[in-house]
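The values are calculated or read from the model by the stated rules, or taken from the named source; none is laboratory data. These figures come from a predicted structure and were not determined experimentally. As a convention, Cβ positions derive from the backbone with ideal geometry for all residues, glycine included, and neighbour counts pool all protein chains shown.
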Amino acid sequence: MNERLIDILSNNDNFKIDFISRGQFNVGDIVYAKRYEKNSDKKKLPVGHREGAYLIINGSNGEYLALYGTSIFPANEKENDYYTLSMKDSGLDKNYYFLYKYAARLKEHLIKRKMFSIDNNELLEVKSRVEAIISRSKLLLEVNKELDRYPLLSGDIFISEGVKYLYLDNKDENNIWVLPLVNKKGVEIHYQDNIGYIDYSLLQSRELEDCYHRIGFVFGKQLDNILNNVILPKNESKTNDDSRDNIEKVLPKIKKQSRRKKIGVLDNDDSVDKINFDYVGMIVKRKDSMKEYIIIYKNSDYIVMLDKNKYINGEYCLEVATQKDIEKVAYVSNKSFLEILKSLQGKYSSYFSVNYIYSLRKVIENS
């Protein structure tokens, strides 16, 4: 019953996020509701999870759109990804946490009672966070569509015939090695705004397709751990000719960098030794979190950014944003940005496509 908020909005024309309720319950009401409609569905839910709290954000035609709530602290989520209703503020017997990216469609008859209503200031914060989640989710959907034309890279997650797969490597010219994502809990993986599970024993090969619909990717330590735990048959495993083999042909061998990388930064706009290709190479910070990023790609709709602190510590973590979400901090020097591009080549995601990163390197080297 609980789904990703973006999926509910994409698949149901009844809900437009205007934060207006046309029913008995209002936007900002926290309600206690059934999490099932049929008794057959009830039996599938664990005792204690068959009813729960929801925060209403929209209502239309006897149905409400409401954020999923839990009394279990969401340890795997960032603080900005959920709204906390404390016992002290509400007078309820426990704290509740409402996740901005997960929601449910609640028919009015499923709601048993209203528990609390948050005040206008808190509601404004909820609205702001929900809008940010929706905006980012839409950007990621658009980015993934654009990436469909690139060859798969290790760590990409794609969907085929309704099944999600994690791509590991090419098996031969006509087949690829993949792990299907499973419903039952196994090894937990995080990709963009999702959590999935894989089982190493389910390694399988699939026939190559003309194109793949990507829905995300895993990167950094997470991908390293997966590749270390999956043994691909050596006599059949073959690196993707369109990605990793090409990388080796066009790039010299790069010495393994120390875990903590150094980044040369230029603070003023008048320096001649800076990247000046629109926004590429700029250090920016997100206005909501104040975290710093390095822009590696930009078009008219969105910006792809590398998390600066994680990169310094040896991880490759990307986020997508719009220009209004960020503000400029400084520029990366030519030398440092070239080192970044070299280390990104072929890493963990089709954002770092061979053609784009290699071409950008050549432009900067020749400037």
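Looking across region 309-335, the residues that are more than 20 Å from the chain's Cα centre (by Cα) and either among the basic types (K, R) or within 14 Å of M282 (Cα to Cα) (or both) come down to E327, K328, V329, A330, Y331, V332, S333, N334, K335.
The selection criterion, being at pLDDT 85 or above, out of contact with any helix residue (DSSP H, G or I) (no Cβ under 7 Å at 6 or more places or on another chain) and among the hydroxyl-bearing types (S, T, Y), does not hold for Y83. Within region 103-131, residues that are touching a residue at least 60 places away in the same chain (Cβ under 8 Å) and farther than 24 Å from E79 by Cα reach partners that are among the β-branched types (V, I, T) and assigned to a strand (DSSP E or B) with beta carbons closer than 6 Å, at six or more positions or on different chains, in the pairs I111/V31; K114/V31.
Out of S71, S90, S117, one residue alone is touching an Asp or Glu at 6+ places or on another chain (Cβ under 8 Å), surrounded by 11 or more Cβ atoms within 10 Å (Cβ to Cβ) and among the hydroxyl-bearing types (S, T, Y). It is S117. Within region 270-291, none of the residues are closer than 28 Å to K127 by Cα, modelled with pLDDT of 75 or more, buried (at least 18 other Cβ atoms within 10 Å of the Cβ) and acidic (D, E).
Within region 22-81, being more than 29 Å from E188 (Cβ to Cβ), free of Cβ contacts under 8 Å to residues at least 60 places away in the same chain and of a type in the set (F, W, Y) holds for one residue alone: Y64. Out of (1) at pLDDT below 70; (2) under 18 Å from F337 (Cβ atoms); (3) hydrophobic (A, V, I, L, M, F, W, C); (4) out of contact with any Lys or Arg (no Cβ under 7 Å at 6 or more places or on another chain), what's the single condition that is false for I247? It fails just one condition, (2).
Conditions (1) crowded, with 20+ Cβ neighbours inside 10 Å; (2) out of contact with any strand residue (DSSP E or B) (no Cβ under 9 Å at 6 or more places or on another chain); (3) at pLDDT below 85; (4) farther than 25 Å from E77 by Cβ, marked per residue:
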residue	(1), (2), (3), (4)
K164	no, no, no, no
N170	yes, no, no, yes
W177	yes, no, no, yes
K184	no, no, yes, no
D199	no, no, no, no
S205	no, no, no, yes
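Scanning region 8-57 for residues that are acidic (D, E) and surrounded by 13 or more Cβ atoms within 10 Å (Cβ to Cβ), we see that the one that is modelled with the highest pLDDT is D29. For D301, the requirement of being at pLDDT 75 or above, in contact with an Asp or Glu (Cβ under 9 Å, 6 or more places away or on another chain), surrounded by 13 or more Cβ atoms within 10 Å (Cβ to Cβ) and at negative phi is not met. Within region 120-152, the set of residues being touching a Phe, Trp or Tyr at 6+ places or on another chain (Cβ under 8 Å), surrounded by fewer than 17 Cβ atoms within 10 Å (Cβ to Cβ) and modelled with pLDDT under 65 comprises D148 only. Residues considered: E77, E37. Of these, the only one that is within 21 Å of the chain's Cα centre (by Cα) and of a type outside the set (F, W, Y) is E77.
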